[in-house]
Amino acid sequence: MNRRKFLGNTLAAAGGTLISGRGIAHANEKAGAMQPPPQIPGSVPDAEVDGVRFPDGFLWGMATASYQVEGAWNEDGKGESIWDRYAHGVGHIKGGDTGDVACDHYHLFKQDIALLKRLNQKSYRFSISWARIQPSGTGAPNEKGLDHYKRVMDAVLEAGIRPFCTLYHWDLPQGLEDRGGWPNRDLAGYFADYAGILAKELGDRITVWAPFNMPWAFTYYGYGIGIHPPNRAKFSDFLKALHTVSLAQGESFRAIKAASSKATVGSAYSMAPGYPKTDSEADRAATARYHAMNNTFFLHAALKGKYPNAFVGDPPYELMGVRAGDENIMRAPLDWVGFHYYTRRIVSDAGGARGGNRQQYGTEIEADTGDTNGRDPYTRFHAVMPSEGPLTHAGLEVWPRGIYDLATQISREYDHPIIEITECGCCYMDTPYEKENGRVPDERRTAFFRATLAELARAIADGTNVRAFHAWSLMDNFEWTDGYSQRYGLTYVDLRDQKRTVKDSGLWYGRMAVLNRLKG
Ligand code: IFM
């Protein structure tokens, strides 16, 4: 459906009025300090967004992750994770920051859940720290760790919010890295044991599970190019890690289902739509390989029991450690498909040209090998993050149209699954402003969400079955190697005293969650 027609229909349905760019311009005039953000290229005109409606029962939510918010890094029997080890090393994280305290969510979870409730949220996506449950990654569960998450879940349910549990958001117990980390195939079994413990102990409270956050990213960054812990950079280790994680996804799917009859299992993949640099056949084929490697590698493995065609020539299955019969282990008929949306890529064939592209914007990273192979000798593409749209403070291009393209593409390719947007957000450094009575006037974040959600609504109107959207993040938090130098929260956190201030974008998002339509 084209944008004009879509907006005409949805406004008629909502009985909405068109109010020209109102909320954003007004807030800026009052602040007297900033100009209204300009219209974002690739998005529905701002003046036409008001009134765009979402389906009844749509789940508005927010997300966090254990290491980024919890703190309490060594309390109640928790073991060391690879992020604890890495952050405690010298020179790894900007400003020497660590997640030792983070947002102290471990102790302040009740107040944070009250915030979610105040903002009318219906879904809370969080992750469990494996090292709190099994301090060294295997063996008997740590009761104190389980009790903690039981208390958190009770508070979430009491607030009328659906808990969405990610089992693994990058904080591998160090004990398992000491056994070889994700390239070691044994980790698939250990992960399934952990998943079984969680489903058995928490399955009465949690029904929505996603085994891994961004599996391509943590395997590639941690083992392929070594810019995240465990800081290893060997492409064959990355390939092995890919396969172990894919086996672990299948094994954990079955372990969760076996332990909890109410469980539904999906995913939390990172995805960024790829657009060919030129219309040449080579660039279009490279874009298909990029999509297979970055976006659908694990999804395809789960739903089809085989890997998508991400490679030029023979796939490196031997290097990956693929064995006969593995397709049955990888296969997992996910109940729904979850993915994040932040930005996009322009993709071309490596084409024999010497490349040296290296872009690192927070957790979105592209690195060429520097020779003629593009990213690597197997996929042979070159992916770049463009800057046609405005850049966030993390350097990521704002490209709202991408969520429409991605959601409709995944829907087409995988037989119209139920979709959850598991993360979407932007980094801006706005702080409480004295002249606004201490409010945080973060207009650019509101503009980002308005524009992106208008495109998501258009994808829904065109038949994609999207049932939930999780803003990243409930609050400013530890942004991995960038430490606390990037703020993605809809709530401002003052790290000196842990005071939370809901930003204007958070208040807007909270109002929208009640109205179920875009406004102001
Ligand atoms: O903070 C991260 C999160 O952990 C994973 N997805 C992207 C976010 C912003 O970079």
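The values are calculated or read from the model by the stated rules, or taken from the named source; none is laboratory data. These numbers come from a predicted model, not from an experiment. Don't worry about glycine lacking a Cβ; one is built from the backbone with ideal geometry, like all the others, and counts go over all protein chains shown. These accessible areas exclude ligands, DNA and RNA; they are computed on the full protein's heavy atoms, side chains included. Shrake-Rupley method; radii C 1.70, N 1.55, O 1.52, S 1.80 Å.
The table below gives the values:
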| read-out | value |
| --- | --- |
| Verdict on D335 being crowded, with 19+ Cβ neighbours inside 10 Å and not polar (S, T, N, Q) | no |
| Members of the stretch 498-520 found to be open to solvent by less than 30 Å² (accessible area, probe 1.4 Å), over 30 Å from A72 (Cα atoms) and assigned to a loop (DSSP other than H, G, I, E, B), listed by number | N516, L518, G520 |
| Top-ranked residue in the stretch 456-473 [being of a type outside the set (A, V, I, L, M, F, W, C), under 26 Å from H169 (Cβ atoms) and crowded, with 21+ Cβ neighbours inside 10 Å; ranked as nearest to the ligand (Cβ to nearest atom)] | S473 |
| Test: residue in the stretch 379-388 that is within 18 Å of P273 (Cα to Cα), within 14 Å of the ligand (Cβ to nearest atom) and either in contact (Cβ under 8 Å) with a residue 40 or more places away in the chain or of a type in the set (F, W, Y) (or both) | yes |
| Residue that is touching a His at 6+ places or on another chain (Cβ under 9 Å) and open to solvent by less than 20 Å² (accessible area, probe 1.4 Å), where the choices are W83, W130 | W83 |
| Residue match in the stretch 475-495 (condition: among the hydroxyl-bearing types (S, T, Y), farther than 19 Å from I419 by Cα, away from the ligand (no atom under 16 Å from the Cβ) and in a helix (DSSP H, G or I)) | no |
| Filtered residues of the stretch 191-220 (kept if in a strand (DSSP E or B) and touching a helix residue (DSSP H, G or I) at 6+ places or on another chain (Cβ under 7 Å)) | W209, P211, F212 |
| Residue in the stretch 168-190 that is closer than 28 Å to Y317 by Cβ, open to solvent by 40 Å² or more (accessible area, probe 1.4 Å), of a type outside the set (G, A, S) and not in a loop (DSSP other than H, G, I, E, B) present | yes |
| Filter result (open to solvent by less than 10 Å² (accessible area, probe 1.4 Å), away from the ligand (no atom under 15 Å from the Cβ) and either under 16 Å from E397 (Cα atoms) or of a type in the set (A, V, I, L, M, F, W, C) (or both)) within the stretch 408-446 | I410, I419, V440 |
| Criterion: touching a Lys or Arg at 6+ places or on another chain (Cβ under 6 Å) and open to solvent by 10 Å² or more (accessible area, probe 1.4 Å) - qualifying residue of A255, A259 | A259 |
| Single unsatisfied condition, G374 versus (1) part of a loop (DSSP other than H, G, I, E, B); (2) farther than 13 Å from R345 by Cα; (3) open to solvent by 10 Å² or more (accessible area, probe 1.4 Å); (4) not hydrophobic (A, V, I, L, M, F, W, C) | (3) |
| Qualifying residue in the stretch 33-44 (condition: under 29 Å from R467 (Cβ atoms), buried (at least 18 other Cβ atoms within 10 Å of the Cβ) and modelled with pLDDT of 95 or more) | no |
| Within the stretch 341-358, tally of residues that are at pLDDT 95 or above and assigned to a strand (DSSP E or B) | 6 |
| Residue in the stretch 391-405 that is open to solvent by 40 Å² or more (accessible area, probe 1.4 Å), at pLDDT 95 or above and not hydrophobic (A, V, I, L, M, F, W, C) present | yes |
